[in-house]
Amino acid sequence: MVAFTFVAAVVVFAVVQDRLTASAARQYVLLQQAAASGAGPAVTIDEVMKPGVRHSVRIALLWSSAVMTTGLAAAATIARRSRRE
């Protein structure tokens, strides 16, 4: 159960971080398209992606921590119940 929880937390981290990083990349493309058409200022990739990656890691850690906490609590509950029987 603990190994499954760890794997699930890693998968959740990877998926959430990937989706949010991809969102930041799409935002960068939109801002560059706006700049190319004269509708906005030019931005560098670092101006968009550094905060985007920091945000994605922070949110991914929150979600994977929630998965890990839930899984470990479930494992502890199951272990306690099986010792009683």
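The values are calculated or read from the model by the stated rules, or taken from the named source; none is laboratory data. All values reported here derive from a predicted model rather than from experimental measurement. Using ideal geometry, Cβ is built from the backbone for each residue, glycine included, and neighbour counts are taken over all protein chains shown.
Out of all the residues in segment 43-52, is one or more polar (S, T, N, Q), in a helix (DSSP H, G or I) and modelled with pLDDT of 95 or more? No, every residue in segment 43-52 fails to be polar (S, T, N, Q), in a helix (DSSP H, G or I) and modelled with pLDDT of 95 or more. Would you pick out the residues in segment 47-85 that are farther than 21 Å from ALA14 by Cβ and either of a type in the set (Phe, Trp, Tyr) or under 19 Å from the mean Cα position of the chain (by Cα) (or both)? Of everything in segment 47-85, just one residue is farther than 21 Å from ALA14 by Cβ and either of a type in the set (Phe, Trp, Tyr) or under 19 Å from the mean Cα position of the chain (by Cα) (or both), namely VAL48. Criterion applied to ALA79, ALA74, ALA60 was being touching a residue at least 12 places away in the same chain (Cβ under 8 Å), out of contact with any helix residue (DSSP H, G or I) (no Cβ under 7 Å at 6 or more places or on another chain) and assigned to a helix (DSSP H, G or I), and the one residue passing it is ALA74.
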